[in-house]
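Notes follow once the structure below has been shown.
The values are calculated or read from the model by the stated rules, or taken from the named source; none is laboratory data. Quick caveat: nothing in here was measured; it's all calculated off a predicted structure. Heads up, the Cβs are rebuilt from the backbone with ideal geometry, glycines too, and the neighbour counts pull from every protein chain shown. Ligands, DNA and RNA are stripped out before the accessible areas are found, and what is left, the full protein with its side chains, is counted by its heavy atoms. Shrake-Rupley method; radii C 1.70, N 1.55, O 1.52, S 1.80 Å.
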Amino acid sequence: MTRWVLQLKLAPEASVRDLPGAAGQHEPGSYGGGDATWDIVADVLPTVDRPGIEVVDAVALAPVASQHVSLEGPRVKRTLLLGLKPGIPDDVRTSFEHSLTGMPLHIGAIRSWSLSRVDQALSPSRWTHVWEQEYESIDGLRVDYSRSSYHWAGVDRWFDTEMPDAIVENTFTHVFYVAERPVL
């Protein structure tokens, strides 16, 4: 079984409430990715056979590292889809991945998390990686994560086009929604 992350466009009357797996409409502050995210485990690319719901992006995940932290009740599920520039050496990619997976050690608001590469054989994509987290509240993402010194000093250098270490393409999707139960 493969874990999939799908980005959906919704007509005004459409709802993701009854989709299998976990799904939610994007909260304000999300960027790219349409109107909603659908997280699901399936053998093959899931299809949506519902009026008013269109898949705008779908990726199959090949896990690199993850951790589950028990959390009762609703949580904020954040997804970052990103692409590394072509030709990045394996050792540099591995250093980048270690920087991301080091974040939960420095940012206590991150609960469960997962870093995956995109399985290009199952879902050819412009994205190379998917970095996901769960937070107890929106402040965990907007304050603790976004303002963390580790984020700015240890991770942002890979993304900032003005930094010589930048290896991430300037296009990405950053979306989050409220999930009623664990996703990761």
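Can you confirm whether Val76 is modelled with pLDDT of 95 or more, within 21 Å of Tyr150 (Cβ to Cβ), among the β-branched types (Val, Ile, Thr) and more than 14 Å from the chain's Cα centre (by Cα)?
Against the criterion (modelled with pLDDT of 95 or more, within 21 Å of Tyr150 (Cβ to Cβ), among the β-branched types (Val, Ile, Thr) and more than 14 Å from the chain's Cα centre (by Cα)), Val76 does not qualify.
Could you say whether any residue in the range 50-68 is within 17 Å of the chain's Cα centre (by Cα) and assigned to a loop (DSSP other than H, G, I, E, B)?
yes
Consider Ser146 carefully, then state whether it is under 22 Å from Gly24 (Cα atoms), small (Gly, Ala, Ser) and open to solvent by less than 10 Å² (accessible area, probe 1.4 Å).
no
Run down Ser30, Ser15 and say which single residue is of a type in the set (S, T, N, Q) and open to solvent by 40 Å² or more (accessible area, probe 1.4 Å).
Within the list Ser30, Ser15, the selection yields Ser15.
Per-residue answers, yes or no, for (1) surrounded by fewer than 14 Cβ atoms within 10 Å (Cβ to Cβ); (2) in contact (Cβ under 8 Å) with a residue 60 or more places away in the chain; (3) under 19 Å from Val178 (Cα atoms):
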position	(1), (2), (3)
His26	no, yes, yes
Thr37	no, yes, yes
Val41	yes, no, yes
Val48	no, no, no
Gly52	yes, no, no
Val59	no, yes, no
Ala65	yes, no, no
Leu71	no, yes, yes
Pro74	yes, yes, yes
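I need a count of the residues in the range 165-183 that are more than 25 Å from Gly83 (Cβ to Cβ) and assigned to a loop (DSSP other than H, G, I, E, B).
Of the residues in the range 165-183, 3 are more than 25 Å from Gly83 (Cβ to Cβ) and assigned to a loop (DSSP other than H, G, I, E, B).
Taking the criterion of being of a type in the set (Lys, Arg) and crowded, with 18+ Cβ neighbours inside 10 Å, would at least one residue in the range 136-143 satisfy it?
Looking through the range 136-143, none of the residues is of a type in the set (Lys, Arg) and crowded, with 18+ Cβ neighbours inside 10 Å.
Is it true that some residue in the range 88-101 is modelled with pLDDT under 95, of a type in the set (A, V, I, L, M, F, W, C) and farther than 21 Å from Leu8 by Cβ?
No, every residue in the range 88-101 fails to be modelled with pLDDT under 95, of a type in the set (A, V, I, L, M, F, W, C) and farther than 21 Å from Leu8 by Cβ.
I'd like the full set of residues that are open to solvent by less than 40 Å² (accessible area, probe 1.4 Å) and among the charged types (D, E, K, R), limited to the range 78-117.
Those that are open to solvent by less than 40 Å² (accessible area, probe 1.4 Å) and among the charged types (D, E, K, R): Arg78, Glu97.
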